[in-house]
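FYI, it's all coordinate maths here, none of it is from the lab. None of these values were measured; they are calculated from a predicted model. Here the Cβ positions follow ideal geometry from the backbone for every residue, glycine too, while neighbour counts run over all protein chains shown.
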């Protein structure tokens with residue numbers, strides 16, 4: 001963490017978590033000078049960090065050319081989930097066909113973390129871990145380009161759900177993740193495809209109830225938790 005590049009990457013991970021956990025609501029301004037001071041890096045490195053977040057669909061540029069937490073519309077949501085279904089079907093098929101016991105170890109450990117998080121007083125943490133489960137699927141697909149595109153889409157979906165989603169019992173999603181692992185471990189590619197389509201459809205459905213926020217936000221106080 002002594003290298004500026006490492007601190008800039010830590011800033012990226014911190015901001016990404018804060019955004020997808022809805023600690024930073026849509027429209028929140030992200031001033032370069034404040035972020036540079038918060039993370040102990042130059043404004044140049046922060047600018048690069050914000051560019052990475054913009055490429056991931058989590059940050060956008062406002063009228064004054066300042067960075068803002070993105071505010072995806074329901075139309076954006078539908079288009080994003082359409083792409084996600086296509087990509088994720090291919091990912092789980094590839095994993096099932098090339099299954100290795102080590103994959104089960106990695107996925108099983110993550111599902112256990114998700115299950116523990118369902119008892120957390122902060123449901124957004126459980127939601128973020130749910131998104132990270134799907135990021136793991138992207139990594140285990142064995143296709144670097146598929147991993148890149150699917151990871152970007154999943155993080156966009158996480159923001160969309162944080163903006164438009166409604167509270168729900170995350171344990172149902174965790175159970176589906178475990179069932180998916182079991183199907184892939186059994187090399188049941190067809191079954192895994194069916195389940196992932198149903199699972200993503202359920203996530204998409206939870207974007208239908210809009211949620212609004214008002215009030216003053218202390219950006220430094222929020223980011224200090226990340």
Quiz item: Over all distinct alpha-carbon pairs, what is the Kirkwood Rh of region 74-205 in angstrom?
Solution: 14.6
Practice problem: Please determine, in degrees from 0 to 90 and to the nearest 10, the orientation of helix 123-140 with respect to the longest principal axis defined by the Cα atoms of the chain, where the helix direction is its Cα long axis. | Solution: 60
Quiz prompt | GNM top mover of 114, 152, 90 - the chain, alpha-carbon springs below 10 Å | solution = 90
Quiz item: Given the options 205, 60, 88, which has the most mean-square fluctuation in a GNM of the chain, springs set between C-alpha atoms less than 10 angstrom apart?
Solution: 205
Quiz item: log₁₀ I(q)/I(0) of region 56-104 at q = 0.12, 0.13, 0.20, 0.31 Å⁻¹, via Debye over equal Cα point scatterers, no solvent, to two decimals?
Solution: -0.49, -0.54, -0.77, -1.07
Self-check item: Spacing of the two label points (7 Å from each Cα toward its C-beta) at residue 221 and residue 63, in nm
Solution: 2.9
Quiz item: How high is the relative contact order of the chain, in percent, counting Cα pairs under 8 Å that sit 6 or more residues apart?
Solution: 28
Exercise. Provide the gained length on full extension for the span residue 13 to residue 175, in nm with one decimal, where the gain is 0.36 nm per separating residue minus the Cα-Cα distance.
Key: 55.7 nm
Quiz item: How much FRET efficiency would the formula 1/(1 + (r/R0)^6) give for residue 83 and residue 106, where r is the Cβ-Cβ distance and R0 is 25 Å, rounded to 0.05?
Solution: 0.50
Quiz item: Roughly what % of Cα-Cα distances in the chain sit above 31 Å, to the whole percent?
Solution: 23
Quiz item: What would the Debye formula give as log10 I(q)/I(0) at q = 0.27, 0.29 Å⁻¹ for the alpha-carbon point model of region 132-200, no solvent?
Solution: -1.33, -1.35
Quiz item: With no solvent and one point on each alpha carbon, what is the Debye value of log10 I(q)/I(0) for region 49-146 at q = 0.18 Å⁻¹?
Solution: -1.06
Quiz item: In degrees, nearest 10, range 0 to 90: what is the angle between the Cα axis of helix 101-117 and the longest Cα principal axis of the chain?
Solution: 60
Quiz prompt | Nearest 10 degrees, 0 to 90: helix 171-185 Cα axis against the chain principal axis | solution = 50
